[in-house]
Amino acid sequence: AGHHRFRDNARDLAAWIRAAELDVPELQVVGHSWGGMTAAALPIAGIRPATLVLIDPPALPHAFVASIVEDPEERPREDVEATIEFLTSRNPAWSPGDIEAKAEALHEVDLEAARDILLENGDWDGGLRDISDPAAAGLDIWLIRGDPAAGGLIPDPAATAFAERLGADHVLTIPGGHHSPMRSHPVETTAALLASLGG
């Protein structure tokens with residue numbers, strides 16, 4: 001509550017990781033979207049996972065991020081069933097389970113808190129600044145991104161910056177995958193996760 005910065009979220013998550021006794025040498029962390037932005041700040045919060053995988057953490061100017069606040073797909077309808085119907089018409093390639101999960105999330109999310117996260121973090125850099133902090137030195141960090149031509153939110157210049165920090169072999173693009181490539185390309189995303197997690 002009252003935490004809108006990704007580093008605040010990372011400190012909260014780090015406290016939970018410690019309380020759950022998960023801060024172990026073999027810990028692997030995967031974060032998607034703003035979960036990726038939060039995961040990128042975990043080393044600054046004192047959590048140094050064996051592997052850190054960021055799935056399409058947005059690298060976008062504030063103006064674009066702020067536009068999400070007005071996006072009708074990010075608003076619940078009058079009830080969950082109506083939201084499912086709306087999302088199904090907009091996302092025909094999504095599985096029924098993904099549609100249902102998104103609909104339920106839209107009805108459960110604290111919209112004001114989500115709005116503050118979108119509006120109070122300035123330009124989003126995909127977590128690049130945080131993984132470039134000395135606290136993240138020596139960690140095995142991977143970026144899995146959607147295809148910018150299909151709606152991925154890591155544009156090519158940002159991917160180049162990640163490759164310079166992580167190594168080109170640690171930046172994996174899912175061709176044709178959008179911002180949630182696990183929805184549109186589950187097989188390819190699973191393969192990328194297995195490669196990054198050493199499976």
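Note on segment 84-199: dipole from Cβ charges, positive end direction compared against LEU118, SER132, MET182; the farthest Cα belongs to MET182.
In the chain, the longest principal axis of the Cα atoms and the axis of helix 6-19 are about 70 degrees apart. Specify the angular offset, from 0 to 90 degrees and rounded to the nearest 10, of the alpha carbon long axis of helix 80-90 from the longest principal axis of the alpha carbons in the chain. With both axes taken from Cα atoms, the answer is about 80 degrees. For the pair GLU85 and GLN28, the difference between a 0.36 nm per residue extended length and the Cα-Cα distance amounts to 16.9 nm. The GNM of the chain, with springs linking C-alpha atoms under 10 angstrom apart, assigns the highest mean-square fluctuation among ALA63, ALA135, ALA159 to ALA63.
Would you mind working out the magnitude of the charge dipole of the chain relative to its Cα centre, with +1 at each Lys and Arg C-beta and -1 at each Asp and Glu C-beta, to the nearest 20 Debye? List each step's numbers first, then the result.
Working: 14 positive and 32 negative charges, 111 e Å.
Charge dipole of the chain: 540 debye, to the nearest 20.
Which shape class, rounded, prolate or oblate, goes with segment 80-149 when its Cα gyration tensor gives a ≥ b ≥ c as root eigenvalues, a/c under 1.5 marks rounded, and past that a/b bigger than b/c marks prolate? It would help to have the intermediate numbers written out before the result.
Numbers: a/c = 2.80, a/b = 1.80, b/c = 1.56.
Cα axes put segment 80-149 in the prolate bin.
Please compute the contact order of segment 5-140 in relative form: average sequence separation of alpha-carbon pairs under 8 Å and at least six residues apart, divided by the residue count, as a percent. Relative contact order for segment 5-140 comes out at 31 percent.
Using a Förster distance of 41 angstrom, determine the FRET efficiency expected from the C-beta separation of GLU164 and GLU100, and round it to 0.05. If you can, show how the numbers build up before the last one.
Values: r = 40 Å, r/R0 = 0.97.
Once the sixth-power term is evaluated, E becomes 0.55.
From the residues ALA93, PRO58, VAL29, which one has its Cα farthest along the dipole of the chain in the positive direction, the dipole being from +1 and -1 charges on Cβ of Lys/Arg and Asp/Glu about the Cα centre? It is VAL29, whose Cα lies furthest towards the positive end.
Multiplying the sequence separation of ARG115 and LEU194 by 0.36 nm and subtracting their Cα-Cα distance, what value in nm do you get? Don't jump to the answer; show the numbers that get you there.
On the way: separation 79, 0.36 × 79 = 28.44 nm, distance 3.33 nm.
My answer for the length gained is 25.1 nm.
Hey, can you rank 178-184, 65-71, 54-60 by average C-beta count inside 10 Å, highest first?
On the way: 178-184: 21.6, 65-71: 12.4, 54-60: 26.7.
In decreasing order of mean packing, 178-184, 65-71, 54-60 become 54-60, 178-184, 65-71.
Going by the alpha-carbon gyration tensor, a ≥ b ≥ c the square roots of its eigenvalues, is segment 102-199 rounded (a/c under 1.5) or, if a/c is not under 1.5, prolate (a/b greater than b/c) versus oblate? Present the calculation step by step, with values, prior to reporting the outcome.
Working: a/c = 1.76, a/b = 1.21, b/c = 1.46.
Oblate.
Looking at the chain, the DSSP beta bridges with both ends there are about 10 percent antiparallel. The angle separating the long axis of helix 186-196 from the principal Cα axis of greatest extent in the chain is about 10 degrees.
Every number here is computed from the coordinates shown, using simple stated rules; none is lab data. Note that the structure is a prediction, hence the values are computed from the model and not measured. All Cβ positions, glycine included, derive from the backbone under ideal geometry; neighbour counts span all protein chains shown.
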